[in-house]
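Enquirer: One structure, pasted below without further comment.
The values are calculated or read from the model by the stated rules, or taken from the named source; none is laboratory data. Because the structure is a prediction, the values reported are computed rather than measured. Cβ sites come from the backbone with ideal geometry, for glycine too, and all protein chains shown count toward neighbours.
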Amino acid sequence: MRKKVDVLSMDNEKAQEFFMKPSSYFSQNLPKYFNLGYLLESAESKLGKKQLKKEMYFENKVYSNFPNVNFLIQTNKTISTYRPITLLHPYIYVDYVNFLTEIKIWEELKERFQNLQEEVKEKIICSSLPFDIETSKEDDSKKEMALNFWKSIEQETIKYSLGYNYLLKLDISNFYGSIYTHTLCWAFHGENYSKEAKNSKNLQNLTGDKCDRKFQWMNYGETVGIPQGNVISDLMSELLLAYIDSELVKKIDDEIDYKIIRYRDDYRIFTKRLEDSTLVKRELVVLLQRFKLNLGESKTSQTTDIISGSLKEDKMYWIEHDPVTKLTSDKFYRSPKILMKKSLEEHKNKKYKTRVFNEFFKKHFHNRTYQATLQKHLLIIKVFSDLYPNSGQLIAALHEFEGRLLDLNYKDFRNIGTEVEVLIAILVDIIKKNPKITEIGVKLLSTLLKKINFEEFEMKYLESNNSNEVQSDFEVKLAYINSVNHKLSNSNYNDYLEIWMQRLVVKNLKESTTLSDLYIEQSKNELVKFCNSIIRGKEMIQIFNEDWLKDEHKIELSKFINLNEIDKLTDIISDDEIYLAEYNQMT
């Protein structure tokens, strides 16, 4: 049984447990051999529940005076724009966790959130506060976050279509990167109180100022931007947005009938009159300017069709053009399911748990029909990706496609007139142009590569045609992956994609061969090169600047790579290795 637990309902100890989960420390997916848990445990073993101490520093140096104390991954928002995701130095992250979960600080934070929520008078509904899922599986909590967005945004938007006539969609441009850290103190205590404390030289005693300074210190003393990719940053940014919400409600005339659903920095504003939408937007724009923030005009949209407006345009298109028909809720599927369950229970004289039976039935009674051949199916997905680049709907589409071909072998592909190599070429083009689908794209690539009979695989598909270099099936695969990597690297470089492409070959990099050496030589991403150095037993590349720490307090980073986990990897990336938003459940 899964139970959703809002972070603000937790006591300080439960909150600390939640913050110390690897998925809270770093929200981006990494291959499972990157041992985030080890980094947290190493920091916790040194700090316990205390904050960083001066005696840990080298010659009284402090980390705020050093660049690159954290590791930055540039993930692609689109093919040509980037979003920095920060893997914080574990000491710095645990230091902030320990500060924030002190009983007094934690209760003060919860009380502040409660007061701000009361001030908005239910005019603004926030659906993006961090939460935990009481379950044994880490992936379940990530899946629930995707479902939470769907339930709180799309479904609530449809409900509001009954009471309102206009829907205005807005979002803040480059939110995390634009946060002025001093405004976190305003969020905690109010702008006027914070400025009075500064004038009376009492600012440093305020909890909000301490939060502000910790973000500055971890960012080389900068006051603009907070690191994205961890739950602490998510929570503190929500505090700032909650304060902006409360100030916005105060500025809007009480006679205006409106509702706002906010999910992080995305706003959906519902009004009965068009002029009211304009007034609310203007008040928000002016207010955001005070906080050094701006709306992203490219994503602004207004509609009177609230039900259609609740869905993104790309999702509406895919609903119409999806070549897969799902029978899960249809009587054609449910009736034999009920009959089979009843027959089995009578025959075996025992009751089956619903979940167990559902998995059994799905295995033996496929609940999908397809209106296109395999190659046409993937081409339909490619056309969709060209029309709506980087759409989240692509994740579901590729996941469906992978499910269709899982049971096929190389001969099956030949018998139906589909070449695996052609599918791979189409897929690589989709991956190259749509960085949002990096993990599921590489996962599907791993499945397709497994379908190739490398003994029959013609070397014309490889960039290198020197058969003397090829000593095994793996080397044929590695040569092919090197050619794919080369094609992908010649387009706009994707840091995150290189990390996941390494997952396909990492198990076989320990042995030095011509092709494995070439792969290592051509690696660009620092995290990939770091992993390569551990596998080969070479001198480590430093991913964190630790010059501010005494030697005895530096983290043994070689254990960040779990070599045992690498040995256990299968050729095909499994479902539990990546986070897939369950878009199929959101229709």
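Enquirer: For the stretch 29-70, which residues satisfy the criterion of being hydrophobic (A, V, I, L, M, F, W, C) and not in a helix (DSSP H, G or I)?
Expert: Within the stretch 29-70, the first condition is being hydrophobic (A, V, I, L, M, F, W, C), and the residues that meet it are 30, 34, 36, 39-40, 43, 47, 52, 56, 58, 62, 66, 69.
Within the stretch 29-70, LEU30, PHE34, LEU52, VAL62, PHE66, VAL69 meet the criteria.
Enquirer: For the stretch 117-155, enumerate the residues that are at pLDDT below 75 and of a type in the set (A, V, I, L, M).
Expert: Within the stretch 117-155, MET145, ALA146, LEU147, ILE153 meet the criteria.
Enquirer: Name the residue that is surrounded by the fewest Cβ atoms within 10 Å (Cβ to Cβ), counting only residues in the stretch 485-525 that are within 20 Å of the chain's Cα centre (by Cα) and outside any helix (DSSP H, G or I).
Expert: Of everything passing the filter in the stretch 485-525, TYR493 is surrounded by the fewest Cβ atoms within 10 Å (Cβ to Cβ).
Enquirer: Does LYS198 satisfy the criteria of being modelled with pLDDT under 95, assigned to a helix (DSSP H, G or I) and surrounded by fewer than 21 Cβ atoms within 10 Å (Cβ to Cβ)?
Expert: yes
Enquirer: Evaluate the following for GLU134: is it touching a Lys or Arg at 6+ places or on another chain (Cβ under 7 Å) and of a type in the set (Asp, Glu)?
Expert: Yes: the conditions hold for GLU134.
Enquirer: Let me ask something additional. If we keep just the residues of the stretch 48-60 that are surrounded by fewer than 19 Cβ atoms within 10 Å (Cβ to Cβ) and in contact with a helix residue (DSSP H, G or I) (Cβ under 7 Å, 6 or more places away or on another chain), which is farthest from ASN230 (Cα to Cα)?
Expert: Checked the stretch 48-60; the qualifying residue farthest from ASN230 (Cα to Cα) is ASN60.
Enquirer: Going by the conditions given, is LEU311 of a type outside the set (Ser, Thr, Tyr), surrounded by 14 or more Cβ atoms within 10 Å (Cβ to Cβ) and modelled with pLDDT of 80 or more?
Expert: So LEU311 does not fit the description; no.
Enquirer: Does the stretch 526-554 hold any residues that are outside any helix (DSSP H, G or I) and without any contact (Cβ under 8 Å) to a residue 40 or more places away in the chain, and which are they? I'd like the intermediate steps shown before the answer.
Expert: Let us first name the residues in the stretch 526-554 that are outside any helix (DSSP H, G or I), namely 537-550, 554.
Within the stretch 526-554, GLY537, LYS538, GLU539, MET540, ILE541, GLN542, LYS554 meet the criteria.
Enquirer: Might you let me know whether the stretch 214-237 holds any residue that is under 26 Å from VAL69 (Cβ atoms), among the hydroxyl-bearing types (Ser, Thr, Tyr) and under 25 Å from the mean Cα position of the chain (by Cα)? Before you say what the answer is, go through the steps one by one.
Expert: As a first pass, look at the stretch 214-237 and keep what is under 26 Å from VAL69 (Cβ atoms): 214-237.
With among the hydroxyl-bearing types (Ser, Thr, Tyr) added as a condition, the list becomes 220, 223, 233, 237.
So of that shortlist, the ones also under 25 Å from the mean Cα position of the chain (by Cα) come out as 233, 237.
For the stretch 214-237, residues under 26 Å from VAL69 (Cβ atoms), among the hydroxyl-bearing types (Ser, Thr, Tyr) and under 25 Å from the mean Cα position of the chain (by Cα): present.
Enquirer: Please indicate, with yes or no, whether at least one residue in the stretch 169-176 is assigned by TED's automatic domain parsing to the domain that holds LYS50, within 30 Å of LYS53 (Cα to Cα) and modelled with pLDDT of 95 or more.
Expert: Yes.
Enquirer: For the stretch 253-267, how many residues meet the condition of being of a type outside the set (Ser, Thr, Tyr), at negative phi and surrounded by 18 or more Cβ atoms within 10 Å (Cβ to Cβ)?
Expert: Of the residues in the stretch 253-267, 5 are of a type outside the set (Ser, Thr, Tyr), at negative phi and surrounded by 18 or more Cβ atoms within 10 Å (Cβ to Cβ).
Enquirer: Right, next: Which condition from (1) assigned by TED's automatic domain parsing to the domain that holds TYR496; (2) at pLDDT below 90; (3) not in a helix (DSSP H, G or I) is the one that HIS366 breaks?
Expert: Status for HIS366: all satisfied but (1).
Enquirer: Any residue in the stretch 406-422 that is within 25 Å of TYR317 (Cα to Cα) and not assigned by TED's automatic domain parsing to the domain that holds THR81?
Expert: No, the stretch 406-422 contains no residue that is within 25 Å of TYR317 (Cα to Cα) and not assigned by TED's automatic domain parsing to the domain that holds THR81.
Enquirer: On the basis of being free of Cβ contacts under 8 Å to residues at least 60 places away in the same chain, under 28 Å from TYR63 (Cα atoms) and more than 28 Å from the chain's Cα centre (by Cα), does LYS201 make the cut?
Expert: Criteria met by LYS201.
Enquirer: Further, regarding this structure: Can you give me the number of residues within the stretch 274-323 that are touching an Asp or Glu at 6+ places or on another chain (Cβ under 7 Å) and under 19 Å from GLN393 (Cβ atoms)?
Expert: 3
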